[in-house]
1. Sorted from largest to smallest, which semi-axis lengths in Å does the alpha carbon gyration tensor of the chain give for its equivalent ellipsoid, taking the root of 5 times each eigenvalue?
2. So what is the 222 nm mean residue ellipticity for the chain from helices alone, if each DSSP H run of at least 4 adds -39500 (n - 2.57) and you divide by all residues, rounding to the nearest 500 deg cm²/dmol?
3. Cα atoms only, segment 117-172: Rg and Dmax in Å?
4. Nearest 10 degrees is fine. How inclined is helix 7-20 to the longest principal axis of the chain, computing both from alpha carbons?
5. Roughly what angle does helix 35-54 make with the longest principal axis of the chain, taking Cα atoms, 0 to 90 degrees, to the nearest 10?
6. What does the convex hull of the Cα atoms of segment 300-452 come to per residue, in Å³, rounded to a whole number?
7. Order the peptides 99-108, 318-327 from the highest to the lowest mean number of other Cβ atoms within 10 Å of their residues.
8. Using only the C-alpha atoms of segment 32-117, find the volume of their convex hull and express it per residue in Å³.
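Quick note: the coordinates plus some simple rules give every number you see, no bench work behind them. What you see is a predicted model, and the numbers here were worked out from it, not measured in a lab. Neighbour counts run over all protein chains shown; Cβ positions are idealised from the backbone, glycine included.
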Amino acid sequence: MAFGRGAGIGRAILTFAILTAAAAPAPVAAQTATRASVTAALHNIEAYIDEHMQQGMVPGLSVAVVFDDEVVYLKGFGVREAGKPEPVDADTVFQLASCSKPISSSVVAAIVDDGKSVSWDSPIADIDPSFRLFDAYPSQQVTIRDLFAHRSGLPGNAGNDLGALGYDRDTILHRLRLVPPSSSFRSGYFYSNFGLTEGAVAAARTTGKPWEDIAEELVYAPLGMTSTSSRYTDFLKHDNCAALHVLYQGQWQALSKRMPDAQAPAGGVSSNARDLAQWMRLELGNGKYDGEQLIPEAAIAETHLPVIRTGSNPLTGSSSFYALGWVVNYGPRGVELGHAGAFSSGARTVVKLVPSAHIGIVVLTNAFPTGAPDAVADTFLDFVFDGTSSRNWLEEWNDLYDTLAAEMAAPSEALGRSPPSVSPALPDDAYTGIYTSTYFGDAVVVVADGRLQVKLGPEGAKVFLLSHFDRDIFYYYPYDEMPDAPSAATFEIGPDGKATEAIFDDLNGEGLGVFTRTPE
């Protein structure tokens, strides 16, 4: 999930989004679905969606359902952009965010199917010798499996912050070696967009083709997924595409865009309900599609096997596991596979499969924060297997997202309140200059139009005004999707009365947001 750039924001969403794909009660005997129960459930879920869309649940939503290798439902609801009339339909293209991961898992399964040139257990050092982690041992031992299961030790936000500043994929993957691990190698689960991205692009290297090309060749084209791509430029070419929306000032508003190419395997796929229905057929068919075994059954099956425990579901308390690009749960319907996606700039998506019942659902929305995709999928499966839904999934998921939103906003709230007594800032030249971070590059603080500003990212492409808060603490607004959410920039002053360091809070989640002043 390629998410908000802030350290706190990034970690909150990364932790939460995985759990949203994992709803499952305590294990009991597996249940089955019938044609009659699915037909009734489709009628009920459409009425459910219609009711809640009228209440402003999200601006737009699209659904695909597959049962017994047949696409039994495709429909869109609402609008592509709030305030505009163009409707969402089954062909509306959405940005999938982290629902890209299980799709990328399908691609890698197709790459490794012969096991000759590369396997899930191929060391990255043998495929991409330039890649390094922080420590020598995991750098030599880490495999594609480790990276797709998020057990490399990379912290959850590693690389997301660089991507938000505009750095390209090669630069970000190279700089991951500078990020201290969150756990020892293979001992902990830390959801990492750029870790999985490295696993995918390393696998693609063995084909001699870029990731984006091999994904098209091995999965999108054979399945007829003509509206699906791992390139943002392709998304922009569609007239029928969904804008990103955030809940701002009590309304859904399209405030920003998201170009996720740097982490395309982890969060950069765009697609529509019609295409994703074909991909669900492939997954539920164990690699078989329209009578042809496109990916060997064993290769697909391996992606569904748990590798590491992720924790407990926030609503049900059941144990959740991560496989290779999939979340795995064991519940009353047997094995459940799923994944959630989220962009804090305005996207939420969910896919859920119940392989034993040959049924799957994907729900795409153009909004954040919302629990709508999870609620629609969970309510639909309740209708299928139980005939009714006894829980208000939308209220429960939205309550969790409200909690998440409060956590995201907490660091900004203190900056929104003036301190009891404000100490004046030093003269501007105490703060101006070039500050350097090995990980982030340069932060250039200058005066323009009488205001301090900082330039960050490649060639200083990101420019933020610095407003005074108290003495050597300033604030700025780094989040396009949250225009009213400030973050702090704190300067450490040396004996000569000039700043020696600058600390940018939204970049400091892993302790790497400290920039040292370059001598003049």
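1. Ellipsoid semi-axes (Å, largest first): 40, 27, 20.
2. -9000 deg cm²/dmol
3. When restricted to the Cα atoms of segment 117-172, Rg and Dmax are 12.0, 35 Å.
4. Once rounded, the angle reads 10 degrees.
5. With rounding to tens, the tilt is 30 degrees.
6. On the way: hull volume 30.4 nm³, N = 153.
Residue-normalised Cα hull volume stands at 198 Å³.
7. Values: 99-108: 28.2, 318-327: 23.2.
In decreasing order of mean packing, 99-108, 318-327 become 99-108, 318-327.
8. Details: hull volume 12.2 nm³, N = 86.
Here the figure is 142 Å³ per residue.
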